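Below is one structure; the comments refer to it alone.
Just so it is clear, none of the values below were taken in a lab; they were calculated from the coordinates. The structure displayed is predicted, hence computed values, not measured ones. Here the Cβ positions follow ideal geometry from the backbone for every residue, glycine too, while neighbour counts run over all protein chains shown.
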Ligand code: GUN
Ligand code: ZN
């Protein structure tokens with residue numbers, strides 16, 4: 001039994017509907033046994049009730065629930081930084097050539113290791129991961145993920161047109177490979193499976209029906225894809241599906257818009273699409289760094305909220321600009337500021353919720369992770385800036401917990417992530433300071 005002592009912050013309630021949802025213990029205690037939170041509260045109180053628990057002193061930093069990234073591509077870690085293009089050109093020139101290299105399982109394994117290590121070292125403890133087109137690359141990914149201990153929800157990406165021939169499959173093969181992967185990996189350890197057509201532009205009705213067959217056969221697997229990201233993409237989908245009412249309808253007609261569905265981007269939705277997403281309790285994964293880097297547009301968060309659509313946050317590596325959910329939160333904030341009167345003011349509590357609990361809700365994992373309530377898994381990130389860094393200086397002058405959180409989102413980076421746990425297991429620990437050579 002361990003008693004973690006730190007400044008604690010979390011959002012067990014939704015700050016978009018419950019003002020004051022940020023819960024703070026400036027000198028907090030979290031009692032953890034077998035990876036689960038048994039008690040939480042002021043340190044002195046938890047200590048008095050459990051005098052024999054082994055103390056872990058984390059004073060001097062902030063303990064947050066582990067970040068939950070609800071849209072991130074495993075095969076794209078090495079092609080981050082492809083600036084200067086919009087979506088379809090970026091796919092053709094920057095991204096799909098690299099995705100084809102994952103046909104080699106050894107290459108895929110190396111990429112999977114780099115990807116998982118980047119998640120952990122940025123404080124992400126759960127991720128909805130867009131996988132590779134190759135089933136063999138997914139086996140490599142899932143077995144590497146099992147070794148790290150991270151929670152991953154992931155699946156083979158399927159497409160049967162308009163990418164490049166070596167990335168295409170058929171509906172029959174997509175179904176057969178998906179079924180085999182689900183049977184091998186879904187529910188094994190901390191792994192769940194997500195049925196993943198790349199986007200309607202690259203998916204015929206036949207392959208969407210194959211995805212629907214998997215969703216019906218395995219009622220607990222998740223679903224993810226892209227939607228309404230870029231105007232040229234939206235127009236092409238309209239031409240490819242002349243009978244569909246809009247982009248969402250291409251998924252809806254196949255029965256793929258449900259409580260288990262997470263659709264990335266949705267920068268250009270119609271009111272009908274928002275209404276249907278809300279009615280089916282499907283999530284929009286907002287990826288502001290990607291939307292900015294690819295020039296996709298300004299995400300209408302207010303319209304999503306007003307329609308009642310659940311929204312979570314994703315980095316969209318490698319269309320995005322890195323793995324930091326702190327940076328993603330800051331960019332979400334910027335984007336809403338740039339929308340002026342149409343924007344939704346994102347205070348620090350909302351940013352924390354989007355980066356943690358909202359993701360757990362999107363994945364149906366809110367009883368397990370996303371905040372520090374008693375009974376949840378101990379999934380946590382300990383942020384402690386290196387001494388003398390700008391964030392360290394600024395935090396010393398922060399005059400309220402809300403301001404501390406705002407400072408973390410404004411200035412926090414990978415270098416501030418000191419330790420990370422999933423289910424009580426340490427999955428990352430920053431190397432000791434003092435190794436730097438000064439010049
Ligand atoms: N739409 C289809 N594939 C992709 C991808 O890899 N990244 C992004 N951002 N959008 C997509
Ligand atoms: Zn994406």
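From largest to smallest, the equivalent ellipsoid semi-axes obtained for the range 163-221 from the alpha-carbon gyration tensor read 21, 12, 10 Å. Beta bridges per DSSP, both residues in the chain: antiparallel share near 45 percent. If R₀ is 22 angstrom, what is the calculated FRET efficiency for the pair residue 14 and residue 258, using the beta carbon separation as r and rounding to 0.05? Calculated value: 0.60.
Rg and Dmax of the range 1-45, based on Cα coordinates, read 11.8, 35 Å.
Projected over every direction and averaged, the convex hull enclosing the alpha-carbon atoms of the range 65-107 yields 4.3 nm².
Based only on other Cβ atoms within 10 Å, what is the fewest-to-most ordering of 299, 241?
Starting with the residue having the fewest Cβ neighbours, the order is 241, 299.
For a modelled paramagnetic label at residue 143, 7 Å from Cα along Cα-to-Cβ, the residues of the range 76-110 in reach, with backbone nitrogen under 17 Å, are 102-110. Only Cα pairs under 8 Å and 6+ residues apart enter the sum, and on that basis the relative contact order of the range 67-338 stands at 20 percent. A convex hull fitted around the alpha carbon atoms of the range 64-217 yields 111 Å³ per residue.
With respect to the chain, whose longest principal axis is taken over its alpha-carbon atoms, helix 135-148 is tilted by about 10°. Length gained on full extension, residue 179 to residue 1, computed as 0.36 nm times the residue gap minus the Cα-Cα distance: 60.1 nm.
At a Förster distance of 35 Å, what's the computed FRET efficiency of residue 235 paired with residue 188, Cβ-Cβ distance as r, to 0.05?
Plugging the Cβ-Cβ distance into 1/(1 + (r/R0)^6) gives 0.30.
Packing, taken as the mean count of other beta carbons within 10 Å per residue, orders the peptides 223-234, 349-360, 405-416 from highest to lowest as 349-360, 223-234, 405-416. Ordered by the number of other Cβ atoms lying within 10 Å of each residue's own Cβ, fewest first, 396, 59, 222, 253 fall into the sequence 396, 59, 253, 222.
Tell me, what is the FRET efficiency for residue 430 and residue 216 to the nearest 0.05, using R0 = 45 angstrom and their Cβ-Cβ distance as r?
0.50
Among DSSP beta bridges whose residues both lie in the range 2-154, state the antiparallel percentage, nearest 5. The antiparallel fraction comes to roughly 50 percent. Take the convex hull of the alpha carbons in the chain; its mean projected area over all directions comes to 21.0 nm². Helical content of the chain, expressed as a calculated mean residue ellipticity at 222 nm, amounts to -10500 deg cm²/dmol (DSSP H runs of 4 or more residues, -39,500 (n - 2.57) each, divided by residue number, nearest 500).
Legend: translational diffusion of the range 221-342 by Stokes-Einstein, Rh = Kirkwood radius over C-alpha pairs, 37 °C, 0.692 mPa s; D = 226 µm²/s. If you wrap the Cα atoms of the range 151-249 in a convex hull and average its projected area over all directions, you get 6.7 nm². Length gained on full extension, residue 88 to residue 48, computed as 0.36 nm times the residue gap minus the Cα-Cα distance: 8.5 nm.
With equal scatterers on the alpha carbons only and no solvent term, can you work out the Debye log10 of I(q)/I(0) for the range 251-321 at 0.13, 0.26 1/Å? Calculated log10 I(q)/I(0) at the listed q: -0.35, -1.15.
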